[in-house]
1. Once amide H atoms are placed 1.01 Å from N in the peptide plane, what residues at a sequence separation of 5 or more from N92, or on another chain, have their amide H within under 5 Å of its amide H?
2. Starting with the highest mean, order 117-129, 40-52 by the number of other Cβ atoms within 10 Å, averaged over the residues of each peptide.
3. State the volume of the convex hull built on the alpha-carbon positions of region 47-128, expressed per residue in Å³ and rounded to an integer.
4. The list [x] 70; [y] 55; [z] 58 gives values of percent of Cα pairs over 19 Å apart, and only one came from this structure; which label was calculated from it?
5. If you count only protein heavy atoms with a 1.4 Å probe, what accessible area per residue comes out for the chain, rounded to a whole Å²?
6. Taking amide H positions as placed 1.01 Å from N in the peptide plane, with prolines and chain starts having none, which residues 5 or more places from E102, or on another chain, fall under 5 Å of its amide H?
7. Counting only protein heavy atoms and using a 1.4 Å probe, what share of the accessible area of the chain belongs to carbon plus sulfur, as a whole percent?
8. What residue among E61, E158, E89 shows peak mean-square fluctuation when the chain is described by a Gaussian network model with Cα springs under 10 Å?
Amino acid sequence: MLDAYQPYLTTDRRNGTERCAELADMMAAEDDVVVNVQGDEPLMVPEIPQRLLFNVQQRPERVWTAVRALKAEEKDDRDVVKCLARDGEIENWSRYWSPGYEWVQVGVYGYTVKRLREYMAKAPVEAETALGLEQLRWGEPLACFTTEYDGVGVDRPEHIALVEERLRRCS
């Protein structure tokens, strides 16, 4: 059984969901819940993972994530994952803005071990590989909730200075 308080290093994987799935194989129960906070979200607030945990416990058949409103200056930023979201579901994802893609996916997911095993049973899809968007492999709308969280995604070395500045302002 996996010790949740012990650090683990996974083998070479394509993305965070695959790394979580590798660790999930060490878990005993398919109904165990995994909350995946992507490593590029160093300023994540605890309320979002807590809400993911609650939502998965309530609706374990769904894969969950969080979204926030897209800012005008983010429309052309390919590091920002844009979403077409309606009625609590993300219908599609892109790194390119188009009308309707007015939400940004926050780098967190919640799912059961059973759902992670289903993910690993699927081959990567072409769009997932081309865009670097692991969530496209699910092949289904993901459940989502909105948040005001406005962290700094670290996708490039220059983003580290933005995180450091935000931390200085908080201290």
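1. L84
2. Working: 117-129: 13.5, 40-52: 16.0.
Answer by packing, highest mean first, reads 40-52, 117-129.
3. Working: hull volume 8.8 nm³, N = 82.
Cα-based convex hull of region 47-128, divided per residue, equals 107 Å³.
4. [z]
5. Details: 9770 Å² over 171 residues.
Result: 57 Å² per residue.
6. C83, A85
7. Details: 4990 of 9770 Å².
About 51 percent, which is the carbon plus sulfur part of the accessible surface.
8. Among E61, E158, E89, the largest GNM mean-square fluctuation belongs to E158.
The values are calculated or read from the model by the stated rules, or taken from the named source; none is laboratory data. Predicted, not measured: the structure shown is a model, and the values here were computed from it. Quick reminder, even Gly has a Cβ in these numbers, built from the backbone with ideal geometry, and neighbours come from all protein chains shown. Note: accessible area is taken over every heavy atom of the protein model, side chains too, but ligands, DNA and RNA are not part of it. Shrake-Rupley method; radii C 1.70, N 1.55, O 1.52, S 1.80 Å.
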